[in-house]
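Student: Can you read through this structure? Questions will come right after.
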Amino acid sequence: MLAQRKNLPIGIETFSEIISKGCYYVDKTHFARQLLQHGKYFFLSRPRRFGKSLFLTTLRELFEGNQVLFRGLSIHDQWDWNQTNPVVSISFGEGVLASRAALDEKIREILQDNQERLGIQCSHSSISGQFSQLLRLAHKKFGRAVAVLIDEYDKPILDNITDPGTALAMREGLKNFYSVIKSADADIHFAFMTGVSKFSKVSLFSGLNNLNDITLDSRYSALCGYTDDDVDSVFAAELPGLEREQIRRWYNGYHWLGQAVYNPFDLLLLFDKRKFNPYWFESATPAFLIKLLTEREAWLPTLDKTVADADLLAAFDVEEISTTALMFQAGYLTIERELQVAGRYYYQLRFPNHEVRQSLYGGLLRVWTGNPDAGVQHKMDLPAILAAGDMHALQSLLQAFFSSIPYNWHVNNPIANYEGYYASVFYAWFSASGLDVIAEDVTSKGRIDLALQLPERIYLFEFKLSGLAPGQALQQLKDKAYADKYRAAGVPIYLIGIEFSREQRNVRLFESEILTPLT
């Protein structure tokens with residue numbers, strides 16, 4: 001029997017609306033029960049558009065006792081529907097706040113909305129006093145402690161992260177607001193806070209150190225997002241006509257030490273449009289990230305080969321923005337595996353999937369070359385030339401690509417003088433073209449600058465900057481016998497040495513040699 005198709009909840013972040021409209025819903029209610037069994041105060045960091053807001057509205061309906069919405073879900077028979085709790089719901093998801101005064105006004109609006117919904121009137125004028133009084137009066141009126149649900153807690157800071165003065169003012173305003181939660185413990189039954197970033201405890205959370213951070217708790221890895229099982233069961237009716245392995249390659253792979261998950265926004269739009277496109281990346285990528293990577297002259301070939309510890313992943317604040325922490329918390333890097341060394345835990349990071357790799361490098365390529373129009377045609381031509389093994393065409397394309405970068409761009413952008421600029425642009429170009437290249441591929445005799453394995457042939461690249469005697473790049477590939485690692489594949493191996501010239505702003509020397517398969 002074929003599975004019945006339902007409505008796709010594209011852009012819907014409200015649990016009650018998804019259920020009432022008969023949309024697909026991936027049951028996350030068992031996580032709510034699990035949370036209540038293991039504590040009272042929780043914090044979860046996840047990238048944008050991963051379902052955090054949906055989970056908070058699910059919690060709200062649970063605490064308010066709207067039983068009819070949960071029929072058929074895992075929690076229905078395990079929840080005491082006779083016990084309800086007043087809910088204080090706080091979200092900074094709407095709009096952009098550009099000043100501390102605007103933030104204070106927004107907080108007062110949020111508190112007023114909660115007062116009206118709960119039928120309570122607070123007399124205190126200060127923000128902290130009004131919040132504390134709201135919790136106290138709600139507890140007294142309903143005879144049950146309050147559930148506090150906070151969504152997008154960090155958005156006022158992140159919206160102003162390029163303006164440190166305003167961002168710091170936002171941080172102090174939110175710190176004053178959130179500090180009430182700890183002092184109001186007697187009036188709170190449960191508190192759950194979500195956001196994109198985890199600001200250090202010495203700044204935003206210094207007054208709220210009772211939060212249990214479940215961001216890297218394997219038990220809650222799939223609290224947001226869809227697992228492979230979810231896709232195969234809940235969305236079975238949407239899969240015909242789509243290649244299952246392609247879905248995994250494009251959109252799966254986010255890890256927070258537990259089950260891998262897909263971004264929901266990606267999958268819902270894929271099922272609707274039936275085309276593989278970078279839906280999440282196009283909707284959620286901050287220009288600030290591209291700017292930061294450019295300013296810091298990021299070494300693009302190894303952007304996804306970072307090792308970090310828990311302190312580094314959490315080292316994000318207005319005064320100190322770690323590139324690794326930013327990329328991890330925003331969803332552009334994820335955990336490949338956890339390592340334990342001398343009693344400490346470390347994390348090997350990588351790109352989650354094809355969407356992130358291709359799109360991020362595409363965005364960087366546009367900024368680092370200054371000619372997006374020419375880049376489109378070059379990205380289209382590259383895969384076909386490599387598939388055909390046409391070295392003359394590849395050399396011509398490389399030179400045309402670098403020639404397309406405007407002279408004025410080189411003059412006005414210091415990044416062009418960065419030691420690794422040409423190799424980074426080369427790598428970004430290949431990755432943005434959809435090719436799964438391997439940077440600094442390790443062999444027993446050293447590291448290959450770039451390797452590319454296609455079904456019919458393998459390419460090994462070595463890069464040099466002008467200044468050495470010509471021919472050093474290709475000679476290194478041969479001297480170190482880098483091809484030995486790939487001999488067993490039984491396909492031709494192309495050794496390509498490329499030497500760049502700063503003066504010419506182009507490829508100065510292109511040499512290649514083809515190794516035929518061993519018989």
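The values are calculated or read from the model by the stated rules, or taken from the named source; none is laboratory data. Just so it is clear, the model here is predicted, and its values are computed rather than measured. Virtual Cβ from ideal backbone geometry, glycine too; neighbours counted across all protein chains shown. SASA here: full protein model, heavy atoms, side chains in, ligands and nucleic acids out. Shrake-Rupley method; radii C 1.70, N 1.55, O 1.52, S 1.80 Å.
Student: In this structure, does Arg366 turn out to be out of contact with any Leu (no Cβ under 7 Å at 6 or more places or on another chain) and either part of a helix (DSSP H, G or I) or in contact (Cβ under 8 Å) with a residue 40 or more places away in the chain (or both)?
Tutor: Numbers: out of contact with any Leu (no Cβ under 7 Å at 6 or more places or on another chain): yes; either part of a helix (DSSP H, G or I) or in contact (Cβ under 8 Å) with a residue 40 or more places away in the chain (or both): yes.
Considered against the rule, which asks whether it is out of contact with any Leu (no Cβ under 7 Å at 6 or more places or on another chain) and either part of a helix (DSSP H, G or I) or in contact (Cβ under 8 Å) with a residue 40 or more places away in the chain (or both), Arg366 comes out as yes.
Student: In addition: For region 280-301, state whether one or more residues are open to solvent by 20 Å² or more (accessible area, probe 1.4 Å) and more than 27 Å from Thr369 (Cβ to Cβ).
Tutor: Taking every residue of region 280-301 in turn, none turns out to be open to solvent by 20 Å² or more (accessible area, probe 1.4 Å) and more than 27 Å from Thr369 (Cβ to Cβ).
Student: Among the residues of region 10-23, is any closer than 26 Å to Leu216 by Cβ, polar (S, T, N, Q) and under 26 Å from the mean Cα position of the chain (by Cα)? So that I can check it myself, show each step before the final result.
Tutor: In the first step, residues of region 10-23 are kept if they are closer than 26 Å to Leu216 by Cβ; the result is 13, 15.
Applying the additional criterion that residues be polar (S, T, N, Q) yields none.
Within region 10-23, none of the residues are closer than 26 Å to Leu216 by Cβ, polar (S, T, N, Q) and under 26 Å from the mean Cα position of the chain (by Cα).
Student: Find the residue count for region 217-227, including only residues that are in a helix (DSSP H, G or I) and open to solvent by less than 30 Å² (accessible area, probe 1.4 Å).
Tutor: Restricting attention to region 217-227, the residues satisfying the condition of being in a helix (DSSP H, G or I) are 218-220.
Next, from what is left, pick out any that are open to solvent by less than 30 Å² (accessible area, probe 1.4 Å): 220.
Qualifying residue count, region 217-227: 1.
Student: Now, a different point. For region 361-384, name all the residues that are in contact with a helix residue (DSSP H, G or I) (Cβ under 7 Å, 6 or more places away or on another chain), over 19 Å from Gln395 (Cα atoms) and of a type outside the set (Phe, Trp, Tyr). Lay out the reasoning, then the answer.
Tutor: Taking region 361-384 as the starting set, the residues that turn out to be in contact with a helix residue (DSSP H, G or I) (Cβ under 7 Å, 6 or more places away or on another chain) are 361-370, 372, 375, 378-379, 381-382.
Filter again for over 19 Å from Gln395 (Cα atoms), leaving 361-368, 370, 372.
If the condition is that a residue be in contact with a helix residue (DSSP H, G or I) (Cβ under 7 Å, 6 or more places away or on another chain), over 19 Å from Gln395 (Cα atoms) and of a type outside the set (Phe, Trp, Tyr), then Gly362, Gly363, Leu364, Leu365, Arg366, Val367, Gly370, Pro372 are the ones that fit.
Student: Can you tell me which residues in region 138-164 are in a helix (DSSP H, G or I) and in contact with a Phe, Trp or Tyr (Cβ under 8 Å, 6 or more places away or on another chain)? Steps first, please.
Tutor: Here is the first cut: in region 138-164, the ones in a helix (DSSP H, G or I) are 138-142, 155-158, 164.
Across region 138-164, the qualifying residues are Lys155, Pro156, Ile157.
Student: I'd like to know if region 123-138 contains one or more residues that are closer than 27 Å to Thr58 by Cβ, buried (at least 21 other Cβ atoms within 10 Å of the Cβ) and at pLDDT below 95.
Tutor: No, every residue in region 123-138 fails to be closer than 27 Å to Thr58 by Cβ, buried (at least 21 other Cβ atoms within 10 Å of the Cβ) and at pLDDT below 95.
Student: Another question, if that's okay. (1) among the β-branched types (Val, Ile, Thr); (2) over 24 Å from Glu297 (Cβ atoms); (3) within 16 Å of the chain's Cα centre (by Cα); (4) assigned to a helix (DSSP H, G or I): which one isn't true of Ile335, the others all being true?
Tutor: (4)
Student: Evaluate the following for Lys155: is it at pLDDT below 95 and farther than 24 Å from Ile10 by Cα? Walk me through it before giving the result.
Tutor: Numbers: at pLDDT below 95: yes; farther than 24 Å from Ile10 by Cα: no.
It is false that Lys155 is at pLDDT below 95 and farther than 24 Å from Ile10 by Cα.
Student: Taking the criterion of being out of contact with any Gly (no Cβ under 7 Å at 6 or more places or on another chain) and within 25 Å of His354 (Cβ to Cβ), would at least one residue in region 465-477 satisfy it?
Tutor: no
Student: Specify which of the listed residues (Leu44, Leu56) is assigned to a strand (DSSP E or B) and in contact with a strand residue (DSSP E or B) (Cβ under 6 Å, 6 or more places away or on another chain). Talk me through it step by step, then tell me what you get.
Tutor: On the way: Leu56 fails: assigned to a strand (DSSP E or B).
Exactly one residue qualifies, and that residue is Leu44.
Student: Mind checking which strands (runs of 3 or more DSSP E) fall wholly inside region 411-519 and carry at least 2 residues that are among the charged types (D, E, K, R) and either open to solvent by 10 Å² or more (accessible area, probe 1.4 Å) or on the phi < 0 side of the Ramachandran plot (or both)? If you could, list the steps in order and put the result at the bottom.
Tutor: Values: elements: 438-443, 446-453, 458-465, 493-501, 506-515.
Where strands (runs of 3 or more DSSP E) fall fully within region 411-519 and carry at least 2 residues being among the charged types (D, E, K, R) and either open to solvent by 10 Å² or more (accessible area, probe 1.4 Å) or on the phi < 0 side of the Ramachandran plot (or both), they are 438-443, 446-453, 458-465, 506-515.
Student: Still on this structure, I have one more. When only residues in region 228-245 that are free of Cβ contacts under 8 Å to residues at least 60 places away in the same chain and within 29 Å of Ser45 (Cβ to Cβ) count, which is most open to solvent (accessible area, probe 1.4 Å)?
Tutor: Step one: list which residues in region 228-245 are free of Cβ contacts under 8 Å to residues at least 60 places away in the same chain, which gives 228-229, 231-233, 239-245.
Now restrict to residues that are within 29 Å of Ser45 (Cβ to Cβ): 228-229, 231-233.
Working: Asp228: 45, Asp229: 104, Val231: 0, Asp232: 71, Ser233: 75 Å².
Going through the qualifying residues, I end up with Asp229.
Student: In region 14-29, which residues are farther than 15 Å from Tyr226 by Cβ, out of contact with any strand residue (DSSP E or B) (no Cβ under 7 Å at 6 or more places or on another chain) and open to solvent by 30 Å² or more (accessible area, probe 1.4 Å)?
Tutor: Those that are farther than 15 Å from Tyr226 by Cβ, out of contact with any strand residue (DSSP E or B) (no Cβ under 7 Å at 6 or more places or on another chain) and open to solvent by 30 Å² or more (accessible area, probe 1.4 Å): Thr14, Ser16, Glu17, Ile19, Ser20.
Student: List pairs: first residue in region 174-189 and among the polar types (S, T, N, Q), second residue open to solvent by less than 10 Å² (accessible area, probe 1.4 Å) anywhere in the structure, Cβ distance under 7 angstrom, at least six positions apart or on different chains.
Tutor: Listed by first residue and then by second, the contacts come to Ser179/Leu208.
Student: Among the candidates Val68, Val88, which residue alone is open to solvent by less than 30 Å² (accessible area, probe 1.4 Å), modelled with pLDDT of 95 or more, at negative phi and not in a loop (DSSP other than H, G, I, E, B)? If you could, list the steps in order and put the result at the bottom.
Tutor: Details: Val68 fails: open to solvent by less than 30 Å² (accessible area, probe 1.4 Å).
Answer to the selection: Val88.
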